[in-house]
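The values are calculated or read from the model by the stated rules, or taken from the named source; none is laboratory data. Since this is a predicted model, take the numbers as computed values, not measurements. As a convention, Cβ positions derive from the backbone with ideal geometry for all residues, glycine included, and neighbour counts pool all protein chains shown. When the accessible area is computed, the model is the full protein with side chains, heavy atoms only, and any ligands, DNA or RNA have been set aside. Shrake-Rupley method; radii C 1.70, N 1.55, O 1.52, S 1.80 Å.
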Amino acid sequence: MVNRSYVPRMEDLIPIVIKYVNSRLGPGEIAIFVAHNARRFDVPFLAKEFSRCSMNIPDNWRFLDTLPLARELMKQNGSVSSKTSLQALREYFGIPLEGSAHRAMSDVNSLASILERITSDLNFTLSDLLKTSFRANFDHSKKNKK
(Lines give C-alpha, C1' and ligand atoms only; values in the text may rest on other atoms or scores of the structure.)
Protein backbone atom coordinates (compact mmCIF):
# COMPACT_ATOMS: atom_id res chain seq x y z
CA MET A 1 0.00 0.00 0.00
CA VAL A 2 2.82 2.44 0.74
CA ASN A 3 4.37 1.96 -2.70
CA ARG A 4 1.48 3.55 -4.56
CA SER A 5 2.35 6.62 -6.62
CA TYR A 6 0.13 8.98 -4.60
CA VAL A 7 1.72 8.05 -1.24
CA PRO A 8 4.33 10.63 -0.18
CA ARG A 9 7.94 9.44 -0.07
CA MET A 10 9.76 9.63 3.26
CA GLU A 11 12.06 12.44 2.07
CA ASP A 12 8.93 14.52 1.44
CA LEU A 13 7.02 13.34 4.50
CA ILE A 14 9.68 13.79 7.21
CA PRO A 15 9.84 17.62 6.97
CA ILE A 16 6.02 17.76 7.03
CA VAL A 17 5.87 15.57 10.15
CA ILE A 18 8.59 17.60 11.90
CA LYS A 19 6.78 20.86 11.09
CA TYR A 20 3.46 19.44 12.29
CA VAL A 21 4.89 18.12 15.57
CA ASN A 22 6.74 21.39 16.22
CA SER A 23 3.54 23.35 15.62
CA ARG A 24 1.95 21.44 18.51
CA LEU A 25 4.79 22.02 20.98
CA GLY A 26 5.60 25.01 23.12
CA PRO A 27 9.15 26.20 23.79
CA GLY A 28 11.18 23.52 25.55
CA GLU A 29 8.45 20.88 25.29
CA ILE A 30 9.06 17.34 24.11
CA ALA A 31 7.02 15.06 21.90
CA ILE A 32 6.45 11.48 23.02
CA PHE A 33 5.69 8.87 20.37
CA VAL A 34 4.16 5.65 21.64
CA ALA A 35 4.59 2.35 19.83
CA HIS A 36 4.44 -1.32 20.71
CA ASN A 37 7.94 -2.77 20.22
CA ALA A 38 9.27 0.73 19.49
CA ARG A 39 12.82 -0.04 20.60
CA ARG A 40 13.30 -2.95 18.20
CA PHE A 41 11.08 -1.99 15.29
CA ASP A 42 9.64 1.51 14.99
CA VAL A 43 12.60 3.59 16.19
CA PRO A 44 15.24 1.69 14.17
CA PHE A 45 12.97 2.03 11.13
CA LEU A 46 12.63 5.78 11.69
CA ALA A 47 16.35 6.19 12.36
CA LYS A 48 17.16 4.40 9.12
CA GLU A 49 14.70 6.52 7.12
CA PHE A 50 15.88 9.78 8.67
CA SER A 51 19.47 8.78 7.92
CA ARG A 52 18.64 7.79 4.36
CA CYS A 53 17.11 11.24 3.91
CA SER A 54 20.18 12.90 5.52
CA MET A 55 18.11 14.15 8.45
CA ASN A 56 18.25 13.74 12.22
CA ILE A 57 15.42 12.74 14.51
CA PRO A 58 14.79 15.92 16.53
CA ASP A 59 16.37 16.05 19.99
CA ASN A 60 13.04 16.81 21.63
CA TRP A 61 11.43 13.60 20.36
CA ARG A 62 11.08 10.75 22.85
CA PHE A 63 9.76 7.27 22.30
CA LEU A 64 7.76 5.09 24.66
CA ASP A 65 7.74 1.35 24.08
CA THR A 66 4.64 -0.32 25.49
CA LEU A 67 6.03 -3.84 25.08
CA PRO A 68 8.28 -3.81 28.20
CA LEU A 69 5.45 -2.15 30.14
CA ALA A 70 3.10 -4.95 29.11
CA ARG A 71 5.66 -7.55 30.12
CA GLU A 72 6.13 -5.86 33.50
CA LEU A 73 2.38 -5.82 34.07
CA MET A 74 2.02 -9.50 33.16
CA LYS A 75 4.88 -10.36 35.51
CA GLN A 76 3.34 -8.34 38.36
CA ASN A 77 -0.03 -9.99 37.80
CA GLY A 78 1.55 -13.43 37.84
CA SER A 79 0.24 -14.14 34.36
CA VAL A 80 1.42 -17.44 32.95
CA SER A 81 0.88 -16.12 29.43
CA SER A 82 3.88 -14.54 27.79
CA LYS A 83 1.73 -13.24 24.95
CA THR A 84 2.11 -9.49 24.75
CA SER A 85 1.15 -8.75 21.14
CA LEU A 86 -1.38 -5.98 20.56
CA GLN A 87 -4.03 -8.59 19.84
CA ALA A 88 -3.23 -10.57 23.00
CA LEU A 89 -3.29 -7.39 25.11
CA ARG A 90 -6.54 -6.26 23.53
CA GLU A 91 -8.07 -9.60 24.43
CA TYR A 92 -6.52 -9.55 27.94
CA PHE A 93 -8.06 -6.14 28.66
CA GLY A 94 -11.33 -6.87 26.82
CA ILE A 95 -10.82 -4.03 24.35
CA PRO A 96 -12.91 -4.44 21.18
CA LEU A 97 -11.20 -4.26 17.81
CA GLU A 98 -12.22 -1.18 15.86
CA GLY A 99 -11.79 -1.93 12.16
CA SER A 100 -9.21 -4.39 10.83
CA ALA A 101 -6.17 -5.44 12.83
CA HIS A 102 -2.80 -4.22 11.55
CA ARG A 103 -4.30 -1.11 10.00
CA ALA A 104 -2.96 2.20 11.22
CA MET A 105 -5.99 3.73 12.93
CA SER A 106 -7.20 0.43 14.33
CA ASP A 107 -3.80 -0.25 15.88
CA VAL A 108 -3.52 3.35 17.14
CA ASN A 109 -6.90 3.12 18.85
CA SER A 110 -6.06 -0.29 20.33
CA LEU A 111 -2.68 0.90 21.59
CA ALA A 112 -4.18 4.05 23.13
CA SER A 113 -6.65 1.93 25.10
CA ILE A 114 -3.96 -0.58 26.05
CA LEU A 115 -1.59 2.17 27.22
CA GLU A 116 -4.35 3.65 29.36
CA ARG A 117 -5.01 0.28 31.00
CA ILE A 118 -1.32 -0.59 31.47
CA THR A 119 -0.47 2.76 33.05
CA SER A 120 -3.49 2.53 35.31
CA ASP A 121 -2.73 -1.03 36.38
CA LEU A 122 0.95 -0.21 36.98
CA ASN A 123 -0.01 3.03 38.77
CA PHE A 124 2.25 4.94 36.41
CA THR A 125 2.24 8.72 36.38
CA LEU A 126 3.24 10.94 33.48
CA SER A 127 6.60 11.32 35.21
CA ASP A 128 7.00 7.51 35.25
CA LEU A 129 6.25 7.37 31.53
CA LEU A 130 8.78 10.11 30.82
CA LYS A 131 11.40 8.15 32.75
CA THR A 132 10.77 5.05 30.62
CA SER A 133 10.82 6.99 27.35
CA PHE A 134 14.01 7.16 25.33
CA ARG A 135 15.71 9.11 22.58
CA ALA A 136 16.49 7.64 19.21
CA ASN A 137 20.21 8.33 19.86
CA PHE A 138 21.06 8.57 16.20
CA ASP A 139 22.85 11.53 14.69
CA HIS A 140 23.07 11.39 10.91
CA SER A 141 25.82 14.03 10.83
CA LYS A 142 28.12 11.73 12.84
CA LYS A 143 27.54 8.52 10.88
CA ASN A 144 30.51 8.93 8.54
CA LYS A 145 32.89 10.50 11.07
CA LYS A 146 35.48 8.46 12.91
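Counting only Cβ charges, +1 for Lys and Arg and -1 for Asp and Glu, the dipole size of the stretch 10-132 around its Cα centre is about 240 debye.
Using C-alpha pairs under 8 Å with a sequence gap of at least 6, the mean separation divided by the residue count of the chain gives a relative contact order of 27 percent.
In the context of the full set of protein chains, the chain has a per residue accessible area of 68 Å² (1.4 Å probe). Using a probe radius of 1.4 angstrom, the carbon and sulfur fraction of the accessible surface of the stretch 1-92 is 55%. Evaluated over the chain, the count of Lys pairs having alpha-carbon atoms less than 26 Å apart is 12 (only pairs 8 or more residues apart or interchain).
Mean-square fluctuations from a GNM of the chain, with a 10 angstrom spring cutoff on Cα atoms, peak among Asp12, Asp128, Asp65 at Asp12. Averaging over all projection directions, the Cα-based convex hull of the stretch 10-132 occupies 8.5 nm² in the image plane. In the chain, helices alone account for a calculated mean residue ellipticity at 222 nm of -14000 deg cm²/dmol, with every DSSP H run of four or more residues adding -39,500 (n - 2.57).
Once you sort the root eigenvalues of the Cα gyration tensor of the stretch 56-118 as a ≥ b ≥ c, which label holds: rounded (a/c under 1.5), prolate (a/b larger than b/c) or oblate (the other case)? Cα axes put the stretch 56-118 in the oblate bin.
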